[in-house]
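To keep things clear, I will list the structure first and then write my remarks on it.
Bear in mind these aren't lab numbers, they're just calculated from the coordinates by the rules spelled out. Since this is a predicted model, take the numbers as computed values, not measurements. Here the Cβ positions follow ideal geometry from the backbone for every residue, glycine too, while neighbour counts run over all protein chains shown.
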Amino acid sequence: MAFFQLPAPDLSDLSLGGADLHLLECYGFTSDERYMIVRGTFTDAGDSSSGLHYGFWLFDTQTKEYVSNFNSIIAGVDYAREIDVVDVQVSGPSDDLFAVALVEDKGTGDSYLVSIQGDQVTSSNVIQEMSGREIDVKVETMSLSADARFLAIQTSSTQLAPDLAPDTNDSSDIYLLDLVSSNIDRVSYVGGSEVTDPVYLKDIRADGNTLEIAFVTDAAFVSPSKFDINSSEVNSEANRRSDAYVWSSSFDANRLSGNATFNLISIDQDGYASGYVDKDNEVQITERGTFFTSSSSLINAEDVNSANDVFLSSNDGVITSVTLTDTINLSLGGQFVSASDDGRYASLLSYSSEVSGNTGAQQLITIDQDAGVLEPVSENGELANGWVINGVLSGSGLSAAFTSNADNLSLLDPQTSSGDLYADIADAVILSGVVYHWANHALIGDVELSVENTLNDTLDSVVTNPDVDFDQYSLPALYAGDKTLAASKELTDADQNFVVNTFDALSALRIAVGLNPNADGAAVSPYQFIAADVNQDGLVNTFDALQILQMAVGLPGAIPQEWLFVSEGQDFWDEAANDGQGTFTIDKNNVDWEAEGVLFADPQDVNPNFVAVMLGDVDGSWSAPEGALSLSNDYFLELQEKGLGPAEQWFAFPIP
């Protein structure tokens, strides 16, 4: 991990006179986690109103430099000082970034949304272009889906509602903008009616063909509304009526489809609305469920701290406490601020002495829910001795950023007058995987695994040794940037000792003419097609069979044997084909596979295992050295359960 304080950005193009930088905040990371989105709050000596102004930058976490300024991209360098960029939402990696910016004109006070692809403005007024009308919609907050298709906005404007269902509640609502189809839908609309209480947008998430939007409101969005009975207690104390909800709808290529539903997230032990979800606290939807903060003591029977606590509502509606578990007990609770995309890591702010020690200062911590441990983030050898706010986790949960006025986190001078921005960036993660023979499942030694990092043009490698490492290799991979994972191995004398023989030539010939070479009737494995295509032209034909025969008898000029390594994650099975019976996507006329290794960005998304195939060894008769370790059939049955293909693809039996 690399902990550092961000420098101040150049404000000279954004101000009329001298600028004073007051605050730096992180607004997120690109999907490859190379860039941070940074907002700077400043005053301008040339502005007689002494009002606050805002600029947004992209900061490269590897070079530790600002690479672009959104104000300048939107208005041009000469006019960047005439606008404030209040918010920026991004989607995609650093080299293919899409962004939507909320812009305010300093002269007129007008605000509008601008979309940006890379460093080019693609729409100078998103809402006007989508609606086809010159309307002025004041956007209060927004959230962009990771696929860059959907933008949820919070606004009290009435101009986005259709004529047949006018917006008359005079309070904040949520609208959904489909940036692909240009459809605009009102989200905060239940049972064909609007609600009178404001609705506060928190998060948006698209997964497959399902879209979810999280929000907080005093209104009841469940039917029957008896489950949210606190919404009727209009004279109750602050936040008593406030609850967290998730709106959900399916969608297709053209529009939302089916009926949208509302799911009450903040529920007590009896299934009723718990309340006490502050509208100013974050709510986030992840793969595991939805995180929220509540000070209600009715959610967890063991909650007696009379403070905010963090909870996770699973996709099945089961609520668990994040701040009160078998291994974690924060006496003063905490406030949720951010989570990893998969929900494994959650970050929160807390004054609890268990994490703040004797500093008396609020600290940012990250909780690993799988390991049941917490780690302080706002520390650099010692905990921050000043306030900490606005903690943000990267999508992986391995990098974080926060704002603090502490003076003990860096040797650098303060860059702002109120709060500096600090980052704790994951340099690399460890890839751990296995390399095994496709047919006999033996772990293979002396295989060189390498990761090429395009970010800094470096190459890391390791050689497998199953006798020492048992079944895994370990190799570091930078988190940021694109990478290629590849495997290679030199042939040994044993590898070339009659491994490729006339039986392989006959097997290839049978494949070429459409016959099954396997005497037991097992389907032809994708790895057999790969082994048989010795000239690697994507076809298995009689010419391949002839060339294998030449290899077998050792003719001069024959194609040399070599090891091929196929990513275990390459899926050769189409479950929907053959009337739902499934079939392999690779055959004698289409031997298509990733021969150059695995290109990936997120190390947590890559399958690090490789399947070894000897070129020309169509029947898979290669024998492992004596004493070699092997994977059990259960391993391949698990691969079958994961949808990577039938176990017989690896000659694993029995098949359930």
Checklist outcome for this item: Any GluC sites (Glu not before Pro) in segment 252-331 that lie in a DSSP loop and have at most 11 other Cβ atoms within 10 Å would be 302
Next on the checklist: At 37 °C and a viscosity of 0.692 mPa s, what translational diffusion coefficient does Stokes-Einstein give for segment 157-241, taking Rh as the Kirkwood radius over Cα pairs? Give it in µm²/s as a whole number.
Outcome noted: 229 µm²/s
Checklist entry - Hey, can you rank 333-341, 305-313 by average C-beta count inside 10 Å, highest first? => result 333-341, 305-313
Checklist outcome for this item: By the Cα gyration tensor axes a ≥ b ≥ c (a/c under 1.5 gives rounded; else a/b larger than b/c gives prolate, otherwise oblate), the shape of segment 261-331 is rounded
Item to check | Simple label model, 7 Å out from Cα along Cβ direction - residue 373 to residue 459, nm | outcome: 3.5 nm
Next on the checklist: For a protection proxy built on the mean count of beta-carbon atoms within 10 angstrom, sort 291-297, 2-8, 383-389 highest first, please.
Outcome noted: 291-297, 383-389, 2-8
Checklist entry - Where does segment 390-430 land on the Kirkwood hydrodynamic radius, alpha-carbon pairs, in angstrom? => result 11.4 Å
Checklist outcome for this item: Measuring from the longest principal axis of the C-alpha atoms of the chain, the long axis of helix 502-512 (C-alpha) lies at a number of degrees, nearest 10, equal to 60 degrees
Checklist outcome for this item: Averaged over all viewing directions, the convex hull of the alpha carbons in segment 326-365 casts a projected area in nm² of 3.0 nm²
Checklist entry - Hey, rough spin-label estimate for residue 316 and residue 448, points 7 angstrom out along Cα→Cβ, what's it come to in nanometres? => result 4.8 nm
Checklist outcome for this item: Packing-ranked peptide list from 608-615, 355-362, 194-201, 457-464, highest mean Cβ count within 10 angstrom first, is 608-615, 194-201, 355-362, 457-464
Checklist entry - Using the Cα gyration tensor of segment 84-210, with a ≥ b ≥ c the square roots of its eigenvalues, what is the shape: rounded (a/c below 1.5), prolate (a/b larger than b/c) or oblate (neither)? => result oblate
Checklist entry - If you take all C-alpha pairs in segment 198-346, what percent of them are over 27 Å apart? => result 19 percent
Checklist entry - What is the spin-label model distance, in nm, from residue 22 to residue 577 if the labels are put 7 Å beyond Cα along the C-beta direction? => result 6.2 nm
Next on the checklist: Report for the chain the percent antiparallel among DSSP-assigned beta bridges with both residues inside it, nearest 5.
Outcome noted: 95 percent
Checklist outcome for this item: Inter-part gap, Cα centre of segment 313-330 to Cα centre of segment 20-76, in whole angstrom, is 36 Å
Item to check | Filter on 489/588; 106/202; 138/202; 64/106 - keep pairs with C-alpha separation over 22 Å | outcome: 489/588; 106/202; 64/106
Checklist entry - What full-extension length gain, to one decimal in nm, is calculated for residue 209 and residue 4 as 0.36 nm per residue of separation minus the Cα-Cα distance? => result 69.9 nm
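Using the beta-carbon distance between residue 516 and residue 182 and R0 = 60 Å, what value does 1/(1 + (r/R0)^6) give for FRET efficiency, to the nearest 0.05?
Result of the calculation: an efficiency of 0.70.
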Item to check | Between segment 423-451 and segment 470-541, the Cα center-to-center distance that results, in Å | outcome: 18 Å
Next on the checklist: Quick check: net charge around residue 461, other residues with Cβ under 13 Å of its Cβ, Lys/Arg +1 and Asp/Glu -1?
Outcome noted: -2
Item to check | log₁₀ of I(q)/I(0) at q = 0.16, 0.25 Å⁻¹ - segment 450-546, Debye sum with one point per alpha carbon | outcome: -0.88, -1.19
Item to check | Cα-based shape type of segment 581-633, given that a ≥ b ≥ c are square roots of the gyration tensor eigenvalues and the cut on a/c is 1.5 | outcome: oblate
Checklist entry - Hey, what number do you get for the chain at 222 nm if only DSSP H runs of n ≥ 4 count, each worth -39500 (n - 2.57), divided across all residues, to the nearest 500? => result -2500 deg cm²/dmol
Item to check | Value of D in µm² per second that Stokes-Einstein yields for the chain, Kirkwood Rh from Cα pairs, at 37 °C (0.692 mPa s) | outcome: 117 µm²/s
Checklist entry - If the viscosity is 1.002 mPa s and the temperature 20 °C, what translational diffusion coefficient in µm²/s does Stokes-Einstein give for segment 502-656 when Rh comes from Kirkwood over Cα pairs? => result 130 µm²/s
Checklist entry - Counting only the backbone N, which residues of segment 176-211 are under 17 Å from the spot 7 Å out from the Cα of residue 133 toward its beta-carbon? => result 176-178, 182-187
Item to check | segment 188-257, relative contact order [Cα under 8 Å, separation at least 6], % | outcome: 29 percent
Item to check | Share of alpha-carbon pairs per 5 Å distance bin for segment 156-198, given as whole % | outcome: 5, 23, 35, 23, 10, 3, 0
Checklist outcome for this item: Debye calc, one equal point scatterer per Cα of segment 410-462, no solvent, log10 I(q)/I(0) at q = 0.19, 0.21 1/Å comes to -0.85, -0.92
Checklist entry - Fully extended, how many nm does the chain gain between residue 630 and residue 342 (0.36 nm per residue separation, minus their Cα-Cα distance)? => result 100.5 nm
Checklist entry - If you take the beta carbon distance between residue 121 and residue 63 as r and set R0 to 30 Å, what does 1/(1 + (r/R0)^6) give as a FRET efficiency, to the nearest 0.05? => result 0.75
